[in-house]
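Throughout, read-outs are computed from the coordinates displayed, never taken from laboratory work. Everything quoted here is computed from the prediction, not taken from an experiment. Here the Cβ is made from the backbone with ideal geometry for all residues, glycine too, and neighbour counts use every protein chain on show.
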Amino acid sequence: MSEASGASPRRWWLVALPLVIFLALLALLFFRLGAGDPSKLPSALIGKPAPTLVLPPLEGLLREGAPVPGLDPAAFAGNVTVVNVWASWCAPCREEHPYLEKIAADARVRLVGINYKDGAENARRFLGRYGNPFAAVGVDPGGRAAIEWGVYGVPETFIVGRDGRIAFKQIGPIDAERTFQAFMAEVEKALAR
């Protein structure tokens, strides 16, 4: 009996060890996920050429009576372009829309949109309700362009410099004056280059 009682604490540790390791890993994961701002995630595309994927226009979308063109990366050359990835089903996209209107009002930049995994009618209805700040809107029904752009989720907004290279990436919405001012500071940097 004494031999069995001496082995019991050792067996207990062998049984408890996986649980202790699991709890330690869970605590590490919890604290690391809570650390930092996810909108500050670095992008491997910063400084690299913008994707060259040409996207068709949003069918039936008009601006001042004329059809709004699709996304053609050739138009990036020589301009500072803001590329916004959005969808009508995206609640944060609604919150950021007034700030996109402010960006579009700046004649020094060109604002274009990538409509992500959305129906044409829903996208047109969204822009009809909130306004169309985009000079061009390309559709990405399958998400291929989003993969090329390294999109984590909508909305995301990129600044493409005059040289056609991605200068900045905003993950998440531009939904507060502080975020808008920080974004516009990045636009100013791109314009100064």
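Numerical summary
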{"read-out": "Those chymotrypsin sites (Phe, Trp or Tyr not before Pro) in the stretch 79-124 that DSSP places in a loop and that have at most 15 other beta carbons within 10 Å", "value": "Trp89"}
{"read-out": "Pairs of lysines in the chain (C-alpha under 19 Å apart; 8 or more residues apart or interchain)", "value": "8"}
{"read-out": "Principal-axis tilt of helix 120-130 within the chain, Cα atoms, nearest 10 degrees", "value": "80"}
{"read-out": "The chain, helix-only ellipticity at 222 nm - DSSP H runs n ≥ 4, -39,500 (n - 2.57), divided by all residues, nearest 500", "value": "-13500 deg cm²/dmol"}
{"read-out": "Cα-Cα P(r), the chain, percent of pairs per 10 Å interval", "value": "9, 32, 28, 10, 7, 6, 5, 3, 1, 0"}
{"read-out": "C-alpha center-to-center spacing [the stretch 114-140, the stretch 156-193] in angstrom", "value": "21"}
